[in-house]
């Protein structure tokens, strides 16, 4: 994490950043394919709604981050330098769970396991958009927002204090905690809520471990933690 003035942009994307954009686009394409293959048909309305929302969020979010802090995209495309072993384990479980959300959502549509009212689809869509906005807001104010739990002191790693970091210490994790249950509702599957909630739980556990790591290893983080008391939810935790 780093303190970063959103008016001070970096020179732009490097090869890590370009690689990250390709990774995100491929992930979206694969996720969408998994949903429709599991559903067994291309007429799944909410699957197309998911793809539309994801593309709109991605386009506007990428433009915003590229304008304010392209270094965050570069950082997220970097390979792990010193990832914690516990983080590798957590993220392996996490990856299997979010794949489960896509598969179960599609199967639920194929076999009509769930009947989700329209307003819950709408709630899922709204929370999905909010979580996406929170993700890109965090990226715009943190040029060391890595995919991995690591402290890169040799590259000037500092504490992020602006934007959403004024209110919670891990706004990106809050966006992830919200996004998976929201996705299950958007796609219309109560069964997919099970892996979605477990994935959110993994992120909460990761938040605890990362917070401890930053307190121990990142200079200035303990002072920041005293100023911003809450990890994920203002006024609660």
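No value in this document is a laboratory result; all are computed from the given coordinates. Please read these numbers as outputs of a predicted model, since none were measured by experiment. Please note: Cβ atoms are built from the backbone with ideal geometry, for glycine as well, and neighbour counts cover all protein chains shown.
Approximating the spin labels as points 7 Å out from Cα along Cα→Cβ, the residue 95-to-residue 16 distance works out to 1.9 nm. When each of 88, 143 is scored by the number of other beta-carbon atoms lying within 10 Å, the sequence from fewest to most is 88, 143.
Find the relative contact order for the chain and round it to a whole percent, using C-alpha pairs within less than 8 Å whose residues are 6+ positions apart. Rounded, it is 28 percent for the chain.
Among 132, 162, 189, sorting on how many other beta-carbon atoms sit within 10 Å of each Cβ, with the fewest leading, yields 162, 132, 189.
Taking the alpha carbon gyration tensor of region 76-151, multiplying each eigenvalue by 5 and rooting it gives semi-axes of 31, 19, 8 Å, largest first. Max-minus-min Cα coordinates of region 1-122 on each principal axis give 50, 34, 24 Å, with the largest extent listed first. Between residue 212 and residue 48, the FRET efficiency from the beta-carbon distance, with R0 = 45 Å, is close to 0.60. Using the Cα coordinates of the chain, the gyration tensor eigenvalues translate into equivalent-ellipsoid semi-axes of 31, 19, 16 Å, sorted from longest to shortest.
Over all pairs of different C-alpha atoms in region 103-237, the reciprocal of the mean inverse distance, the Kirkwood hydrodynamic radius, equals 16.1 Å. For region 62-101, the Kirkwood radius over C-alpha pairs fed into Stokes-Einstein at 10 °C and 1.306 mPa s yields D = 129 µm² per second. With everything on Cα atoms, drop me the angle between helix 45-68 and the longest principal axis of the chain, reported from 0 to 90° to the nearest 10. Tilt of helix 45-68: around 20 degrees. Among 68, 15, 157, a tally of other beta-carbon atoms within 10 Å of each Cβ gives an order, fewest to most, of 15, 157, 68.
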